[in-house]
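Colleague: Take a look at the following structure, please.
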Amino acid sequence: MEPALPQQRVIAATAGETSAENPWPLHLLSEKLKAHIERAPSAWVEGQIIELNRRASVSYVTLRDLDAEVSFSVTVWGSVIAAMERPLERGARVVAQLRPHFWVKTGRLSMQSSDIRPVGLGDLLARIEQLRQALASEGLFAAERKKKLPLLPHCIGLITGRNSDAMKDVLRNTSLRWPAVQFEVREVAVQGVNAVTQVSAALAELDANPAVDIIVIARGGGSLEDLLPFSHESLIRAVAAARTPVVSAIGHEADRPLLDDIADLRASTPTDAAKRIVPDVAEERTRVQQARERLNRRVRSLIERESERLHQLRTRPVLANPAGMVIVRAEDISRLQLRSRAAMNTALARHMDSILHLRAQVRALSPQKTLDRGYAVVQLTDGSVVRAPEQVSPGAALRIRVAAGEFAAAAEPG
């Protein structure tokens, strides 16, 4: 009897259907990965060449991201290199068209470039100018947004390269001008892939420190590529959002990164920044001395002028003989008293005469005077005066008033 043939194993159609009892062969996984990866379309990317190894017909390039610690190994065929106008160089900034390639035998993923082009200075300048116009249209460069620097900062935040000449220039010249100034120094990368991240982090740290009055971002001169981090949009927006005044001191007079436009003050060089953020103590002392001299002259002049006025006042008669003024006023008072008494006596005498005349007139016209001349007043018992005989009836009681008194009487029939 013939032996039974072994049953043929059914290979899983998808990765999800595999198991420990029914695994895929390794070559199948590699082939499927290759098929999946190589369906991805090619893409244009920008980066910096950090490694370059040339072979006879192929070049191996390590391309690193401009802003992050990300890099790819790229294979560039000789035909692509031959089509370039100028050869590739380490450190060059390029744009490349990449497509992923998976090696089935080794399971290694690599990127292949079908086109690679160096980014020239003209392209970089055009990008910076385009970003400059975009930020300006948002109003980020407007003069009214600029913060005023304090007259005398106590603590200065300095962001600069590690042990750089720019740091030494700022520290030395600032301390020479104002020895009491203090610094919070942050040494960071000022070029390369880490520059934007480290400068932004240092800026945020110093801006959060309430003791820091001014933040200075300083770097020496360099090529356009070296200064590109100081035109990066994220750093520019971070400076715009800072609450502490920021001073840009990048490169030389001819260098003009976007940081110069967004900063609250642009210094042409790090040394110029030191001169513009703190006053010169020697000049200030000279100004103080000049102010003191002007003040002394003004005070002396005022004292001399007032002393002369006092002398003039003291030589006047009223101050030479102060009692004279009192005597004259006393004589005036005595004279006025005599005049007032005389006038009062005259007025009293005149009015007394008038009173005597009035009294005589009143007495002459009084009823008593009439009675004194022998006349009498006849009254009824009710006190009414009898003016006609018809008022008195026969036998009526009467009162007769004469000069010396009165008596009763009765009316007789006539």
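Colleague: Give the lysines reachable from residue 168 as a straight Cα distance under 16 Å; neighbours fewer than 8 places away on the same chain don't count.
Modeller: 275
Colleague: Under 14 Å between alpha carbons, and skipping anything fewer than 8 positions from residue 146 in its own chain: which aspartates and glutamates qualify?
Modeller: Counting by Cα, and skipping residues close in sequence, residue 146 has these aspartates and glutamates nearby: 260, 261, 264.
Colleague: Then there is this: Could you give log10 I(q)/I(0) at q = 0.24, 0.25, 0.27 Å⁻¹ for segment 369-410, computed by the Debye formula over C-alpha point scatterers of equal weight, without solvent?
Modeller: For the requested q values the scattering log ratios are -0.81, -0.86, -0.95.
Colleague: Continuing with this model, one more query. Roughly what angle does helix 26-37 make with the longest principal axis of the chain, taking Cα atoms, 0 to 90 degrees, to the nearest 10?
Modeller: Value to nearest ten degrees: 50.
Colleague: Going by average Cβ density within 10 Å per residue, which order do the peptides 106-112, 295-301 take, highest to lowest?
Modeller: Details: 106-112: 13.7, 295-301: 10.0.
Order by mean packing, descending: 106-112, 295-301.
Colleague: Sequence neighbours fewer than 8 away in the same chain don't count; with that in mind, list the aspartates and glutamates whose C-alpha is under 19 Å from residue 369.
Modeller: 406
Colleague: Share of antiparallel DSSP beta bridges in the chain, in percent to the nearest 5? Show your work: numbers first, answer last.
Modeller: Numbers: 40 of 61 bridges.
Within the chain, antiparallel bridges account for around 65 percent of the total.
Colleague: So which GluC sites (Glu not before Pro) in segment 112-209 end up in coil per DSSP with only 14 or fewer other C-beta atoms within 10 Å?
Modeller: Details: sites: 129, 138, 144, 184, 187, 205; in loops: 138.
For GluC sites (Glu not before Pro) across segment 112-209 that sit outside H, G, I, E and B with at most 14 neighbouring Cβ atoms in 10 Å, the list reads 138.
Colleague: Further, regarding this structure: Just the Cα atoms of the chain: what Rg and Dmax do they give in Å?
Modeller: Considering the chain through its Cα atoms, Rg and Dmax are 60.9, 211 Å.
Colleague: Still on this model: Points 7 angstrom from Cα along the Cβ direction at residue 336 and residue 183: gap in nanometres?
Modeller: According to this spin-label approximation, the distance is 8.4 nm.
Colleague: Listed highest first by mean packing, meaning other Cβ atoms within 10 Å per residue, what order do 392-400, 283-291, 212-220 come in?
Modeller: Put in order of decreasing packing, that is 212-220, 392-400, 283-291.
Colleague: Going 7 Å from the Cα of residue 284 in the Cα-to-Cβ direction, what parts of segment 143-175 have a backbone nitrogen less than 18 Å from that spot?
Modeller: Label zone hits: 149-157, 171-175.
Colleague: Which length gain, in nm to one decimal place, applies between residue 165 and residue 36 when the Cα-Cα distance is subtracted from 0.36 nm times their residue separation? If you can, show how the numbers build up before the last one.
Modeller: Numbers: separation 129, 0.36 × 129 = 46.44 nm, distance 5.26 nm.
Extra length available between residue 165 and residue 36 comes to 41.2 nm.
Colleague: Related question: Per residue of segment 109-117, in order, report the coupling 6.51 cos²θ - 1.76 cosθ + 1.60 (Karplus, θ = phi - 60°) as ³J(HN,Hα) in whole Hz, putting x for Gly and Pro.
Modeller: Values, residue by residue: 9, 9, 10, 10, 9, 9, 7, 9, 9 Hz.
Colleague: Debye calculation, C-alpha points only, no solvent: report log10 I(q)/I(0) for segment 1-117 at q = 0.15 Å⁻¹, in the same order as the q values.
Modeller: The Cα Debye sum returns log10 ratios of -0.75.
Colleague: Same structure, new question: So who's got an amide H within less than 5 Å of the one on residue 227, skipping anything under 5 residues away but keeping other chains? H placed 1.01 Å off N, in plane.
Modeller: It is none; the list stays empty.
Every number in this text was worked out from the coordinates using simple rules, so none of it is lab data. All values reported here derive from a predicted model rather than from experimental measurement. Positions of Cβ are generated from backbone atoms using ideal geometry, with glycine treated the same way; all protein chains shown enter the neighbour counts.
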